[in-house]
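S.K.: Sharing a structure with you now.
The values are calculated or read from the model by the stated rules, or taken from the named source; none is laboratory data. Because the structure is a prediction, the values reported are computed rather than measured. Virtual Cβ from ideal backbone geometry, glycine too; neighbours counted across all protein chains shown. What goes into the accessible areas is simple: the full protein's heavy atoms, side chains included, and nothing from ligands, DNA or RNA. Shrake-Rupley method; radii C 1.70, N 1.55, O 1.52, S 1.80 Å.
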Amino acid sequence: MASRVIPVDAFDLVIFGGTGDLARRKILPGLFRRFCAGQMPEDAQIIGAARSDLDTAGYRTMIKDAIEEFGGADLAQNPSMPGFLERLSYVAVDARGDSGWPELASLIRMEKVNAFYFSVGPGLFGDLAERLKRYKMADDSSRIVVEKPFGRDLATAKALNNTLAQHFDETQIYRIDHYLGKETVQNLMAVRFGNMLFEPLWNNQYIDHIQITVAETVGVGGRGGYYDKSGAMRDMVQNHLMQLLCLIAMEPPAKFDPDAVRDEKLKVIRALDPVEPHHVVRGQYGDTPDQPDYRTHAENPSSKTESFVAMKVGISNWRWAGTPVYLRTGKRLRARSSEITVVFKDAPHSIFGAEKGTHRNELHIRLQPNEGMTLDVTIKEPGPGGMRLVNVPLDMTFAEAIGPDVEDVPDAYERLIMDVIRGNQTLFMRGDEVEAAWAWTDPIIEGWEARGDVPKPYDSGSDGPTDAIAMLARDGRSWREISA
Ligand code: BG6
């Protein structure tokens, strides 16, 4: 199964915040991988723009070092490196002043696709958008890319949307949620809407409940300052888990086009029930012999910010009423594992007798690591000994099913940036979607603040606070084990 690389048109991509962490860790190594794969045309131009007083030679050295550090040894050795570095230039700009802008404008070729990546804090979005227009380097066909966090509540998200809307049309704004660029996340749509098998069963008649877990082993480390003002709810649930929930629960869109898909996702968010306080568990990780606890990482000894959250979510529509979705995400958990589990109901009657127990079908969709899917089906245990039933997985681990080409699958950022150049917004969040997600999230966070809620401590390397286990046990259910 050979992978197909479709080259994109020639483009100018300006990365504001071009010396920052995201640019060095993800954006530039990702662009280099696309360059190596032959997807980027020879006359593509990437311009780093930031405050630092660098020149193009210095920037090229910085990015070469970043690719070596974050892209892996194989990538760094790729003979295409000099050719890629030639595509890079750098301009020092003052986002709030005038210096650097005329020089930047002189580099932009208006006849090419041009895109501007705002890899900076949201406080600068308005300044950048206004100057792009003032210095005539963006027109009605230009694209801007903005990163999360897109606001910290509904009011701030609305203000950001309004600011951007003063300068750019919604069709020009690409709000990144990198989870939407992950291979298996798109596969969710392929599995649901490309097969006859699942859709007839995909509802509250046949599905008992759904679990979405995004577990990480890392702590908040050097990002404590940012994270302590966000917490897992703002950092992960409002965006990444919400997007996964939308793709799992949405109605089939009429076609795979940006607004058709995003209209359906929006309907899911608007159908979410308010979350009852006893349907949420918050946690904060403790220390280990070699790692400090959350509060030390956050440099806030009395922090009430959650590094873990688990919740039970109801969707009030015909398809899902009565079938809950359990969300769970946290730092410093047992394993790095992102997985969606769809648990089907028991067969209505066991012809093998009650003592054979129930063997439910479960569909496990693994986002990372080892992307793939398994479907647990019940079979007779082979051999003598009567009719003994056992669950076995029908396993479609992509690495095995697709073979070595799986290595060539672009990572989330690579894919999303190429989609920006192609002008395809399907995997980006629309403004109304982000606002709806905040409208659902805000009352949950406001409730914690009003009650002075303190997160439950949990051991690093565990499954999170025991209360999260108890929450499912009360419903007669249990979490799927967190394992890599
Ligand atoms: C980011 C969050 O958006 O996603 C981080 O800010 C989190 O806190 C990261 O670690 C997880 O991304 P991934 O792709 O490693 O699952």
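S.K.: Report relative contact order for the chain in percent, whole number only (criteria: Cα-Cα under 8 Å, sequence separation at least 6).
M.R.: Relative contact order of the chain: 18 percent.
S.K.: Taking the Cα atoms of the chain alone, what are Rg (to one decimal) and Dmax (as a whole number) in Å?
M.R.: Every Cα atom of the chain included, Rg and Dmax give 23.8, 82 Å.
S.K.: Still on this structure, please answer the following. Would you calculate the volume per residue, in Å³, of the smallest convex hull containing every Cα atom of segment 107-223?
M.R.: Convex hull of Cα atoms, per residue: 200 Å³.
S.K.: Now, a different point. What lysines could a cross-link reach from K26, if we take a straight Cα to Cα line under 23 Å and drop same-chain neighbours fewer than 8 places away?
M.R.: The reachable lysines, counting only those whose Cα sits under 23 Å from K26, are K64, K148, K182, K331.
S.K.: Another question, then. Quick one: work out the % antiparallel among DSSP beta bridges in the chain, nearest 5.
M.R.: Roughly 55 percent of the DSSP beta bridges within the chain come out antiparallel.
S.K.: Are there any trypsin sites (Lys or Arg not before Pro) in segment 112-211 that are in a DSSP loop and have at most 11 other Cβ atoms within 10 Å? List them by number.
M.R.: Counting only loop positions with at most 11 other Cβ atoms within 10 Å, the trypsin sites (Lys or Arg not before Pro) in segment 112-211 are K136.
S.K.: Nearest 20 debye, what's the magnitude of the dipole of the chain about its Cα centre given +1 on Lys and Arg Cβ and -1 on Asp and Glu Cβ?
M.R.: Charge dipole, the chain, about its Cα centre: 600 debye, nearest 20.
S.K.: If you don't mind, another one. Which residues among segment 19-57 fall inside the zone where the amide N is under 18 Å from a point 7 Å beyond the Cα of E68, along Cα→Cβ?
M.R.: 24-26, 28-30, 32-33, 57
S.K.: Assuming 0.36 nm per residue, please report the length gained on full extension of the stretch R480 to E170 beyond their Cα-Cα distance.
M.R.: 107.7 nm
S.K.: Counting only protein chains, not ligands or nucleic acids, how are H240, H178 ordered by accessible area (probe 1.4 Å), most first?
M.R.: Most to least solvent-accessible, the answer reads H178, H240.
S.K.: Related question: Suppose each label sits 7 Å from its Cα in the direction of the beta carbon; what would the A57-A260 distance come out to in nanometres?
M.R.: It works out to 5.4 nm between the two label points.
S.K.: Let me ask something else. I'd like to check one number: the per residue accessible area of segment 66-137, probe 1.4 Å, reported in Å² as a whole number.
M.R.: Normalised by residue count, the accessible surface of segment 66-137 is 44 Å².
S.K.: Using a Förster radius of 41 Å, what is the FRET efficiency between E449 and E251 based on their Cβ-Cβ separation? Nearest 0.05, please.
M.R.: That pair, E449 with E251, gives E of 0.75.
S.K.: Still on this structure, please answer the following. Please state the charge dipole magnitude for segment 110-259, taken about the Cα centre, from unit charges on C-beta atoms (+1 on K and R, -1 on D and E), reported in debye and rounded to the nearest 20.
M.R.: 460 debye
S.K.: Where in the chain is the longest stretch that carries no GluC sites (Glu not before Pro) classed as loop by DSSP and with at most 16 other Cβ atoms within 10 Å?
M.R.: Longest run free of exposed loop sites: 112-298.
S.K.: Across segment 80-130, how large is the tail of the calculated P(r) beyond 15 Å, expressed as a percent of all Cα pairs?
M.R.: The answer is 59 percent, as a whole percent.
S.K.: Rounded to the nearest 0.05, what FRET efficiency do L394 and H278 give with R0 = 41 Å and r taken as the Cβ-Cβ distance? Could you check?
M.R.: Efficiency, from the Cβ-Cβ distance: 0.65.
S.K.: Averaging over every viewing direction, what projected area does the convex hull of the Cα atoms of segment 16-143 cover, in nm²?
M.R.: With every direction weighted equally, the projected area is 7.5 nm².
S.K.: So how many Å³ per residue does the convex hull of the Cα atoms of segment 342-466 work out to?
M.R.: Once divided by residue count, the hull of segment 342-466 is 262 Å³.
S.K.: Something else about it: Which of the listed residues, G286, T426, S350, is farthest toward the dipole's positive end in the chain, when Lys, Arg count +1 and Asp, Glu count -1 at the beta-carbon?
M.R.: Of the candidates, S350 comes out farthest on the positive side.
S.K.: Still on this model: Only residues of segment 256-283 count here: report those whose backbone N is under 17 Å from the spot 7 Å along Cα→Cβ of A439, or say none.
M.R.: Answer for segment 256-283: 262-275.
S.K.: Exactly which trypsin sites (Lys or Arg not before Pro) in segment 376-481 are in a DSSP loop and have at most 14 other Cβ atoms within 10 Å?
M.R.: Qualifying residues, ordered by number: R388.
S.K.: Give me the 1.4 Å probe accessible area per residue for segment 206-324, excluding ligands and nucleic acids, in Å².
M.R.: 39 Å²
S.K.: Follow-up question, since we're still on this one. Which residue, P7, G58, S462, has the largest displacement toward the positive end of the dipole of the chain when charges sit on each Cβ (Lys, Arg +1; Asp, Glu -1)?
M.R.: About the Cα centre, the residue reaching furthest to the positive side is S462.
S.K.: Roughly speaking, to the nearest percent, how much of the chain's 1.4 Å accessible area is carbon and sulfur?
M.R.: Roughly 52 percent, rounded to a whole number.
S.K.: Considering the dipole of segment 186-268 built from charges on the beta carbon (Lys and Arg +1, Asp and Glu -1) around the Cα centre, which of M233, T213, L197 is farthest to its positive end?
M.R.: Going by the charge dipole, the pick is M233.
S.K.: Among the trypsin sites (Lys or Arg not before Pro) within segment 292-357, which fall in a DSSP loop and have no more than 16 other Cβ atoms within 10 Å of their own Cβ?
M.R.: Loop-located and lightly packed - K304, R319, R336, K345.
S.K.: With charges set only on the Cβ (+1 for Lys and Arg, -1 for Asp and Glu), what does the dipole of segment 39-157 come to about its Cα centre, in debye to the nearest 20?
M.R.: 340 debye
S.K.: Amide H neighbours of V377 under 5 Å, at least 5 residues apart or on other chains, H built in the peptide plane: list them.
M.R.: Placed amide hydrogens put V392, L394 under 5 Å from V377.
S.K.: Here is a follow-up. How far, in nm, would the chain grow between D153 and T288 when pulled straight, counting 0.36 nm per residue and subtracting the alpha carbon separation?
M.R.: Full extension of this stretch gives 45.3 nm more.
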